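Worksheet for the structure shown next.
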């Protein structure tokens, strides 16, 4: 519900037809269904078994010779069936719903560019500009505070920067331009040509000016789109079925290997590594084991200078490309993780059931009170472990298979342990063991005081 209301708040009142708003919310609900189903299984299992145990019906079944495992057997079959449904949903409905939802939101942002601007982050959706501001408010949600604008036209990096205390977005539906009306700010621009060295940039002048009112006209013609059903975005990992993910992750892996091989070849050629000889040439004279000793003093100085400059240049190049390496590797990791995640997340119904059912019989409490709190805490832990696994996979810290199975590996043994303790009618943990030493200590301390 929080996700749906956030989505509704983002698009409502922006001049979008109610049909498209309802359509967007419908597809958003479909993308959340695979997550809602495990939560429902967890909550219902805690509530059902908690209510069963609270009314001493579990004790009655045990006295009749029906064990907990026999009682849970039909429920396990039901949960396996729900896990299968979840897998089919993830493999067929979820990719289609994700495709529709993401493209609808993208097209809505294109139709109303101000929707794309989000407070507190660097917004790059507007072509040739990077815009950041602290808050967005007003009846039309078009008033901004503490604005920072970087003009990136012509790949000028941060040559032109505009700051302002307040601003207002002025745009009309279908217009080619969006106007930012800024108040109480400063305009700064460096004047140097592209390709200038660091020393040349320092010598070139810069201009700046303070202003009370300044208007920035931004060309948004590339964002104007009238067809909200247009599907231009089709390459997200959430839009593929498992078979498509299998194919796509293979292609991404090949592209990444080719990218690395091309960079390695460039590095080898730039450092003249291709000129190294692997075979021993027949020489008419012997060489000194110390390579530099074979050259004159002037040549040694020249060789060392060239070597140092070459290393510095290549080190700078490698540093500049490091983000690209990580970005390309992350793209491969995301598809690998999604491939395994589809299967493991389908089993989340079973994993959470083996935690919720025995826990409900142990706490002996039904209804929506305590079971709801426990269910939320358990699912937050499950979701937190999933997020950790995904982040580690994206950063190439662990394999995609291990990251996807991490939550199952951690929580399934806990569920089986709880099931075993519940079958033997033991508590989840013995509180007396923890509190008894403390009670004895304070009793002794109280006796000492009384004797005094």
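Numbers for the structure displayed
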item: Residue pairs meeting the criteria (Cβ under 6 Å; at least 6 apart or on separate chains; first without any contact (Cβ under 8 Å) to a residue 40 or more places away in the chain, in region 396-425; second surrounded by 19 or more Cβ atoms within 10 Å (Cβ to Cβ) and in a helix (DSSP H, G or I)); result: 406/389
item: Which numbered condition residue 263 fails, given (1) surrounded by fewer than 13 Cβ atoms within 10 Å (Cβ to Cβ); (2) in the same structural domain as residue 394 (by TED's automatic domain parsing); (3) modelled with pLDDT under 80; result: (1)
item: Residue 331 being surrounded by 14 or more Cβ atoms within 10 Å (Cβ to Cβ), assigned by TED's automatic domain parsing to the domain that holds residue 258 and in a helix (DSSP H, G or I); result: yes
item: Qualifying position, being more than 21 Å from residue 149 (Cβ to Cβ), modelled with pLDDT under 60 and not assigned by TED's automatic domain parsing to the domain that holds residue 152, among 195, 225; result: 225
item: Residue check, residue 387 closer than 18 Å to residue 46 by Cβ and at pLDDT 75 or above; result: no
item: Residue 313 vs. criteria part of a helix (DSSP H, G or I), closer than 30 Å to residue 403 by Cα and modelled with pLDDT under 80; result: no
item: Some residue of region 160-168 being touching a helix residue (DSSP H, G or I) at 6+ places or on another chain (Cβ under 7 Å), outside the structural domain of residue 339 (by TED's automatic domain parsing) and at pLDDT 75 or above; result: no
item: From 8, 89, 81, 27, residue being out of contact with any strand residue (DSSP E or B) (no Cβ under 8 Å at 6 or more places or on another chain), outside the structural domain of residue 139 (by TED's automatic domain parsing) and modelled with pLDDT under 85; result: 8
item: Output for region 117-132, where each listed residue is part of a loop (DSSP other than H, G, I, E, B) and under 11 Å from residue 144 (Cβ atoms); result: 117, 119
item: Contacts under 6 angstrom Cβ, first residue in region 363-389 being not assigned by TED's automatic domain parsing to the domain that holds residue 415, partner part of a helix (DSSP H, G or I) and at pLDDT 85 or above, 6 or more apart; result: none
item: Of all residues making up region 38-67, the number that are under 28 Å from residue 344 (Cβ atoms) and surrounded by fewer than 21 Cβ atoms within 10 Å (Cβ to Cβ); result: 4
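The values are calculated or read from the model by the stated rules, or taken from the named source; none is laboratory data. Please read all numbers here as calculations on a predicted model, not as lab measurements. Ideal geometry is used to build each Cβ from the backbone, glycine not excepted, and the neighbour counts take in all protein chains shown.
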